Amino acid sequence: MSEKKDLEGIRVAAILGPTAVGKSRIAVEVALHLNAEIISVDSMQVYRGMDIGTAKPGPELRDAVPHHMIDVADPLEDYSVARFQQEARRAVEEVASRGKVPLLVGGTGLYFEAVVYDLRFPPGGEEDGLRRELERWAAEDLEGLRRRLKEVDPDFAAREDFSNPRRVIRAMEVYLRTGVPISRFQSRRGAQASFYPYCGVVLDAPRQALYRAIDRRVEEMFASGLVEEVRALASVGLSRTARQALGYKEVLSHLDSGKPLGETISEIKRRSRRYAKRQLTWFRRLPGLRWIRLEEEELYRRSPEAWKRVLECLREDLGGGG
């Protein structure tokens, strides 16, 4: 990775938005006309073999335009945002060195921010047994762990994440490794200088139309073999991070517990709709993004009008380049 002083002249573009809004399809059309290569900012498309449930771009799209940061990790790995930051920035520089526009595409807001802002992340889980010890503590006395964490990091304890045992374990791990509360790392976000200047669009749609598109996508995933994909992955093994992926977590529960498949499908639809709302909320707080509203029919078919609107915005904000 180059130092920031060596990055002068690199500017990135972005196409962001919630699940099922059609980012991948529109991004390829835009990239073809913008002289761009696509860098995925999706936290789960990094995993090889997790194809159906992550709505990974298919061979036709990936053959049309080079894609980066897809299939870069084994599902047994706990892939971190810090590692993504390093590898995605390397991809940005490689794309720019070829005279192409690095086009960030995806729906994981933190991964996008990790690339374009000067974010610093707390250290990850070294294999020294600390996390396993904290997991045992949480299993035996979660409230005791929470009380101790509240003493050392009251700001974190006041947040919604404090109700999530996995995040409580992570917060205590960061404190014990660094002596710095995780809330102090997190509070630095939002006031960071940009690492790369960027411009971008957020694709949106009428809420009920988006929900119908989400429901349709979930049904298509199951028709395409999501259960079989998850079963095959589970037989080899999935990391803690990979097991949390939306769709995979619920299907794993179905396979383990025998919960009816219909209930599992309905649960994934509900959680996907809630996830889409969180994605849109995240993108609304980021500066420098333009919003493009798609009509319902544009969610289901290739629409020249849609990608041309996106292309026009990006060309204008890039200064006519491409």
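Laid out as a table, the results:
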{"read-out": "Near pairs, Cβ below 9 angstrom, 6+ apart or cross-chain, from segment 227-240 (assigned by TED's automatic domain parsing to the domain that holds GLY53 and in a helix (DSSP H, G or I)) to any residue that is of a type outside the set (Val, Ile, Thr) and loosely packed, with under 12 Cβ neighbours inside 10 Å", "value": "ALA234/ASP256"}
{"read-out": "Any chance LEU294 is in contact (Cβ under 8 Å) with a residue 40 or more places away in the chain, over 25 Å from VAL46 (Cβ atoms) and not basic (Lys, Arg)", "value": "yes"}
{"read-out": "Residue within segment 96-106 that is assigned to a helix (DSSP H, G or I), without any contact (Cβ under 8 Å) to a residue 12 or more places away in the chain and either out of contact with any helix residue (DSSP H, G or I) (no Cβ under 6 Å at 6 or more places or on another chain) or more than 19 Å from ILE52 (Cα to Cα) (or both) present", "value": "yes"}
{"read-out": "Yes/no for VAL201 being assigned to a helix (DSSP H, G or I), of a type in the set (A, V, I, L, M) and in contact (Cβ under 8 Å) with a residue 12 or more places away in the chain", "value": "no"}
{"read-out": "Scan of segment 241-264 for residues that are part of a loop (DSSP other than H, G, I, E, B) and either touching a helix residue (DSSP H, G or I) at 6+ places or on another chain (Cβ under 9 Å) or not small (Gly, Ala, Ser) (or both), ordered by number", "value": "GLN244, LEU246, GLY247, LYS259, PRO260"}
{"read-out": "Unique match (being more than 23 Å from ILE182 (Cα to Cα) and surrounded by 15 or more Cβ atoms within 10 Å (Cβ to Cβ)) among VAL95, VAL152, VAL115, VAL81", "value": "VAL95"}
{"read-out": "Residue check, ARG290 at pLDDT below 95 and either in the same structural domain as VAL30 (by TED's automatic domain parsing) or buried (at least 19 other Cβ atoms within 10 Å of the Cβ) (or both)", "value": "no"}
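Each row is one residue, and each column tells you yes or no for (1) in a helix (DSSP H, G or I); (2) under 27 Å from ARG278 (Cα atoms); (3) in contact (Cβ under 8 Å) with a residue 40 or more places away in the chain.
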{"site": "VAL92", "(1), (2), (3)": "yes, yes, yes"}
{"site": "TYR111", "(1), (2), (3)": "yes, yes, yes"}
{"site": "TRP137", "(1), (2), (3)": "yes, no, no"}
{"site": "ARG147", "(1), (2), (3)": "yes, no, no"}
{"site": "ASP155", "(1), (2), (3)": "yes, yes, no"}
{"site": "PHE162", "(1), (2), (3)": "yes, yes, no"}
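The values are calculated or read from the model by the stated rules, or taken from the named source; none is laboratory data. Worth saying up front: this structure is predicted, and the values here are computed from it rather than measured. Note that we place each Cβ from the backbone using ideal geometry, even for glycine, and neighbour counts take in every protein chain shown.
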